[in-house]
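The values are calculated or read from the model by the stated rules, or taken from the named source; none is laboratory data. This is a predicted model, so every value here is computed, not measured. We place every Cβ from the backbone using ideal geometry, glycine too, and count neighbours over all the protein chains shown. The protein model used for the area step is the full one, side chains on, heavy atoms only, and it has no ligands, DNA or RNA in it. Shrake-Rupley method; radii C 1.70, N 1.55, O 1.52, S 1.80 Å.
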Amino acid sequence: MAARPGINKLVVLQAAIELADDMGIEQVTLALIAQKLKIKTPSLYNHVDGMPGIRKDLASWSLSRMKDQIANAAIGVSGEKALIAMGLAYLAFARKHPGLYEATLSAPDRDDPAMLLLADEFVNLILRVLEVYQLSEDDALHTVRGLRSIFHGFVSLEIKKGFGLALDRDASFRYILQTFLNGLKNPHA
């Protein structure tokens, strides 16, 4: 395969994104990316730092886009409405990018300041919305973990086709989330 002009890091990452969403992030290889771009595998090293670099870039891209999508969903609303809108945005991102969604699940590398900042921004976004509940710092962080567990659990089951009943999944997601949020009104009852 001859080198193709116009290949750059962004083009390589876009190819990796498409493959991840089609096949799952664990299936993406340098050879598949090169094949998709119609270039030789070693040529990719001119643009990316191997598969570890691609996975890191995909995680960063995914978390950044998901954070933006969730933040945009909360514009103009607050409290429960904002959290439900954010949850639905999270679900929408995972549905659109199932392979990339997987890249957002690991805790950020403690040696990567950019990823740490991005992860902190993501958590702080949710913490700001939770301020209306006047939770202690620890309770607010427990709540973030709870929300993430609801979001991820639902997404994981949906991606794996775990919901077989003919019942509106978005309605189920709203119901579960609303039930959790109702508990925040009296968290230690």
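Selection of the stretch 144-174 for residues being without any contact (Cβ under 8 Å) to a residue 24 or more places away in the chain and within 17 Å of the chain's Cα centre (by Cα) yields 144, 145, 148, 149, 153, 156, 157, 160. One residue stands out among those in the stretch 115-155 that are hydroxyl-bearing (Ser, Thr, Tyr) and surrounded by 15 or more Cβ atoms within 10 Å (Cβ to Cβ): the one that is modelled with the highest pLDDT, which is 143. Look at the stretch 89-107 and say how many of its residues are open to solvent by 40 Å² or more (accessible area, probe 1.4 Å) and not in a helix (DSSP H, G or I). Qualifying residue count, the stretch 89-107: 3. The set of residues from the stretch 33-63 being of a type in the set (S, T, N, Q) and under 14 Å from residue 106 (Cα atoms) comprises 60, 62. Within the option set 56, 67, being in contact (Cβ under 8 Å) with a residue 12 or more places away in the chain, part of a helix (DSSP H, G or I) and open to solvent by 80 Å² or more (accessible area, probe 1.4 Å) holds for one residue only, 56. Being open to solvent by 40 Å² or more (accessible area, probe 1.4 Å) and in a helix (DSSP H, G or I) is a property that residue 110 lacks. Does residue 186 count as modelled with pLDDT under 95, more than 23 Å from the chain's Cα centre (by Cα) and assigned to a helix (DSSP H, G or I)? Considered against the rule, which asks whether it is modelled with pLDDT under 95, more than 23 Å from the chain's Cα centre (by Cα) and assigned to a helix (DSSP H, G or I), residue 186 comes out as no. In the stretch 175-184, the residue that is least open to solvent (accessible area, probe 1.4 Å) out of those that are free of Cβ contacts under 8 Å to residues at least 40 places away in the same chain and over 26 Å from residue 106 (Cβ atoms) is 183. In the stretch 10-39, the residues that are at positive phi form Cβ pairs under 8 Å with partners that are assigned to a helix (DSSP H, G or I) and not aromatic (Phe, Trp, Tyr), at six or more places apart or across chains, as follows: 24/98; 24/99; 24/102.
Every condition in (1) surrounded by fewer than 20 Cβ atoms within 10 Å (Cβ to Cβ); (2) of a type in the set (A, V, I, L, M); (3) in contact with a helix residue (DSSP H, G or I) (Cβ under 7 Å, 6 or more places away or on another chain) holds for residue 75 except the one numbered (3). Within the stretch 156-174, the set of residues being surrounded by 14 or more Cβ atoms within 10 Å (Cβ to Cβ), charged (D, E, K, R) and either at positive phi or in contact with a Phe, Trp or Tyr (Cβ under 9 Å, 6 or more places away or on another chain) (or both) comprises 158, 169. Number of residues in the stretch 33-52 that are in a loop (DSSP other than H, G, I, E, B), open to solvent by 40 Å² or more (accessible area, probe 1.4 Å) and touching a Leu at 6+ places or on another chain (Cβ under 8 Å): the value is 0.
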